[in-house]
C-alpha cells in the first residue's frame with residue numbers, strides 16, 4: 001500500500017470519527033474494580049439522583065454537577081437535538097398532561113452535554129399551546145435546553161419514577177449476610193445507562209405542559225474516583 005493510499009485512508013477514518021455523535025466517541029469512566037471504588041460510585045449516583053429529585057430543572061442540576069466534578073472547561077449544558085427520531089406519545093401521557101385526544105403535542109429529543117460529554121438522553125413531549133410563541137420558536141429552531149427555555153413559567157416537576165439502572169453493589173449490600181464483590185484487577189465495568197427519570201412539568205399555575213423521560217449516562221461518573229485524587 002503506497003503512502004498516498006494510506007493518507008487517504010487516514011483522512012476517511014478521521015472524517016468518519018468526527019461525524020459520529022459525541023456519545024459514540026466517549027470512553028467509559030476509568031474507575032478501578034475495587035470494593036471502595038464501587039461504594040464511592042454508588043454514593044455519587046445516589047447523590048446525583050437526590051439532587052435531580054429535589055430540583056425542578058435537570059439542566060441546571062447537571063450544570064452544577066459538571067462544575068462540581070470538573071467535567072468540562074466550561075460548566076454549561078448544551079442540548080444537541082436528534083432529528084428524525086420521533087417516539088410516539090406514551091399511553092398515559094394525555095391523561096397526565098390533562099389534554100384531549102386531538103390536542104397537538106410536540107416531541108423533542110436531545111442529548112444534554114457538558115463540553116464533549118453527553119450526560120443525559122432526554123425524550124420530551126410538550127403541549128405547545130401552554131407555552132409562549134417565543135418559547136415554541138426557540139424550541140423549534142435552537143439547541144437551547146428545554147428547562148432553560150421554559151424557565152419563565154416558574155415550573156415545578158413531579159417525578160413519576162426514578163430508577164437506578166445499574167448498581168455497583170448488589171441489593172442488600174449493607175446487610176450483615178451480604179456477599180460483597182471481591183476486588184478485581186481491571187477497570188470497573190460501567191454500562192452506558194445508569195439512571196432514568198420520568199416526570200411531568202407543571203406551570204406556576206399548576207397546569208401540566210410537558211412529560212419527560214431522562215436517561216443519564218456513564219459520563220456523569222467521568223471524573224477520578226476519590227481514591228485516585
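Mind listing whichever residues of the range 65-81 are without any contact (Cβ under 8 Å) to a residue 60 or more places away in the chain, in a helix (DSSP H, G or I) and surrounded by 16 or more Cβ atoms within 10 Å (Cβ to Cβ)? Show your work before the answer.
Taking the range 65-81 and keeping what is without any contact (Cβ under 8 Å) to a residue 60 or more places away in the chain, we get 66-68, 72-76.
Applying the additional criterion that residues be in a helix (DSSP H, G or I) yields 66-68.
If the condition is that a residue be without any contact (Cβ under 8 Å) to a residue 60 or more places away in the chain, in a helix (DSSP H, G or I) and surrounded by 16 or more Cβ atoms within 10 Å (Cβ to Cβ), then 66 is the only one that fits.
Which of the residues belonging to the range 104-116 are assigned to a strand (DSSP E or B), in contact (Cβ under 8 Å) with a residue 40 or more places away in the chain and over 10 Å from the mean Cα position of the chain (by Cα)? Please lay out each step first, then the result.
Initially, the range 104-116 is screened for residues assigned to a strand (DSSP E or B), giving 106-114.
Keeping just the survivors that are in contact (Cβ under 8 Å) with a residue 40 or more places away in the chain gives 111-114.
Across the range 104-116, the qualifying residue is only 114.
Looking at (1) in a loop (DSSP other than H, G, I, E, B); (2) under 20 Å from residue 217 (Cα atoms); (3) touching a helix residue (DSSP H, G or I) at 6+ places or on another chain (Cβ under 9 Å), which is the only condition residue 101 fails?
Every condition holds for residue 101 apart from (2).
Quick one: is residue 209 surrounded by 14 or more Cβ atoms within 10 Å (Cβ to Cβ), at pLDDT 90 or above, assigned to a loop (DSSP other than H, G, I, E, B) and at negative phi? Walk me through how you get there before you give the answer.
Details: surrounded by 14 or more Cβ atoms within 10 Å (Cβ to Cβ): yes; at pLDDT 90 or above: yes; assigned to a loop (DSSP other than H, G, I, E, B): no; at negative phi: yes.
So residue 209 does not fit the description; no.
Restricting to the range 189-214, give me the number of residues that are in contact with a strand residue (DSSP E or B) (Cβ under 8 Å, 6 or more places away or on another chain) and closer than 16 Å to residue 165 by Cα.
9
Considering only the range 32-53, I want to know if a residue exists there that is without any contact (Cβ under 8 Å) to a residue 12 or more places away in the chain and farther than 30 Å from residue 181 by Cα.
No, that holds for no residue.
Identify, by number, the condition in (1) surrounded by 15 or more Cβ atoms within 10 Å (Cβ to Cβ); (2) in a loop (DSSP other than H, G, I, E, B); (3) modelled with pLDDT under 95 that residue 86 doesn't meet.
Every listed condition holds for residue 86 apart from (1).
I'd like the residue in the range 132-151 that is out of contact with any helix residue (DSSP H, G or I) (no Cβ under 8 Å at 6 or more places or on another chain) and in a helix (DSSP H, G or I) and, out of all such residues, is surrounded by the most Cβ atoms within 10 Å (Cβ to Cβ).
Top of the filtered list is 151.
Hey, can you tell me all the residues within the range 171-193 that are surrounded by 10 or more Cβ atoms within 10 Å (Cβ to Cβ), assigned to a loop (DSSP other than H, G, I, E, B), at pLDDT 75 or above and within 28 Å of the chain's Cα centre (by Cα)?
Answer for the range 171-193, where residues must be surrounded by 10 or more Cβ atoms within 10 Å (Cβ to Cβ), assigned to a loop (DSSP other than H, G, I, E, B), at pLDDT 75 or above and within 28 Å of the chain's Cα centre (by Cα): 188, 189, 190, 191, 192.
Taking residue 56, is it more than 19 Å from residue 190 (Cβ to Cβ) and touching a residue at least 60 places away in the same chain (Cβ under 8 Å)?
yes
The values are calculated or read from the model by the stated rules, or taken from the named source; none is laboratory data. Keep in mind it's a predicted model, so treat the numbers as computed, not measured. Virtual Cβ from ideal backbone geometry, glycine too; neighbours counted across all protein chains shown.
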